[in-house]
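A short reminder: the numbers here are calculations on the coordinates, not readings from a lab. Nothing here was measured: the structure is a model prediction, and the numbers come from that model. Reconstructed Cβ throughout: ideal geometry from the backbone, glycine too, with neighbour counts over all protein chains shown.
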Amino acid sequence: MSPLPRLILASQSPRRKDLLASTGLDFEIIVRPSDEIQDSSMEPERLCLYNAGLKADAVAREFPDATVIGADTLVFLGNEPLGKPCDRNDAVRMLTMLSGKFHCVCTGVCLRSPLGHIDLPVITKVKFRKLSPSTIDRYLELVHVLDKAGAYAFQEHGDMIAESIEGDANNVIGLPIDALMRQLAAWGYSR
């Protein structure tokens, strides 16, 4: 039996790194530039998979014998994608929009490998509490959100803002480990 291709995570996200590390798999982190898009006319799954594919393909071109994992997470309110806020005011705007409402968090995971090419879209529904301006201010004092889609981090003081969740909480954090591990296990990777 030939050895499995080396595993590469094409993401600098510390959250994705920690989630993948929790599986016990050996992997490397290699990132190459890719120009992500934010197009509100695209369905959430399609947009996330498109951006995840850009990341995975950029690394897979350089390492064609590896299994490359690309991922992209976006928050959607209706069909409007909420990416990373550009500043604190933008973060306040996004959290105010999400206040008291259900929204979707979509992570597109693209696997590029000699074993196959797989696209996995995973959606989790999150309901926010009704957030007062003072709660939003306090949350933004506690959590650095400028590098987080939708201006929040579910894993950091999420109980302040989230009322309920339907689906995979790891998906909201940035990597749907269960869905990813099912595919990797089908290829022979094991914890």
*With a cut-off of at most 14 other beta carbons within 10 Å, and DSSP calling the residue loop, which trypsin sites (Lys or Arg not before Pro) in segment 51-111 qualify? Please list them.*
R61, K101
*Hey, of (i) 16.8, 60; (ii) 17.6, 58; (iii) 15.6, 47, which did the structure itself give for Rg and Dmax of the Cα atoms in Å when calculated?*
(i)
*Relative contact order for segment 11-140, counting Cα pairs under 8 Å that sit 6 or more residues apart, in percent*: 24
*Can you tell me which of 65-74, 173-182 comes out highest on packing, and rank the rest after it, using the mean Cβ neighbours within 10 Å?*
65-74, 173-182
*Say each of D147 and K17 gets a label point 7 Å from the Cα, pointing the same way as Cα to Cβ; how far apart are those two points in nm?*
0.8
*How far, in degrees from 0 to 90, does helix 88-98 lean away from the longest principal axis of the Cα atoms of the chain, to the nearest 10?*
90
*Using the Karplus equation 6.51 cos²θ - 1.76 cosθ + 1.60 (θ = phi - 60°), what ³J(HN,Hα) coupling, rounded to whole Hz, does each residue of segment 29-43 give in order, writing x for Gly and Pro?*
10, 9, 10, 10, x, 8, 9, 5, 10, 10, 10, 5, 7, 8, 4
_Under the Karplus curve 6.51 cos²θ - 1.76 cosθ + 1.60, θ = phi - 60°, whole-Hz ³J(HN,Hα) for segment 3-19, x wherever Gly or Pro sits_ = x, 6, x, 4, 9, 10, 9, 8, 7, 8, 5, x, 5, 5, 4, 5, 5
*What angle do you read, to the nearest 10 degrees and between 0 and 90, between the alpha-carbon axis of helix 177-186 and the longest principal axis of the chain?*
10
*Relative to the first principal axis of the alpha-carbon coordinates of the chain, what is the inclination of helix 133-142, with its axis defined by its Cα atoms, in degrees from 0 to 90 and to the nearest 10?*
40
*Extension gain R93-R129, at 0.36 nm per residue separation less the Cα-Cα distance, in nm?*
11.4 nm
*Provide the FRET efficiency to the nearest 0.05 for the Q38-R6 pair, computing r from the beta carbons and using R0 = 30 Å.*
0.40
*asked:* At 222 nm, what value in deg cm²/dmol follows for the chain if DSSP H runs of at least 4 each add -39500 (n - 2.57) and the sum is divided by all its residues, to the nearest 500?
replied: -9500 deg cm²/dmol
*What number comes out for the charge environment of L175, summing +1 per Lys or Arg and -1 per Asp or Glu over other residues with Cβ under 11 Å away?*
-1
_Which one, N89, A66, G53, is farthest towards the positive end of the dipole of the chain when Lys and Arg carry +1 and Asp and Glu -1 on their Cβ?_
N89
*Between segment 167-191 and segment 1-64, how many Å separate their Cα centres?*
13
_Can you compute the charge dipole magnitude of the chain about its Cα centre, using +1 on each Lys and Arg Cβ and -1 on each Asp and Glu Cβ, nothing else charged? Give it in debye, rounded to the nearest 20._
240
_Among V75, P44, T23 - extreme Cα towards positive end, dipole of the chain, charges at beta-carbon_ = T23
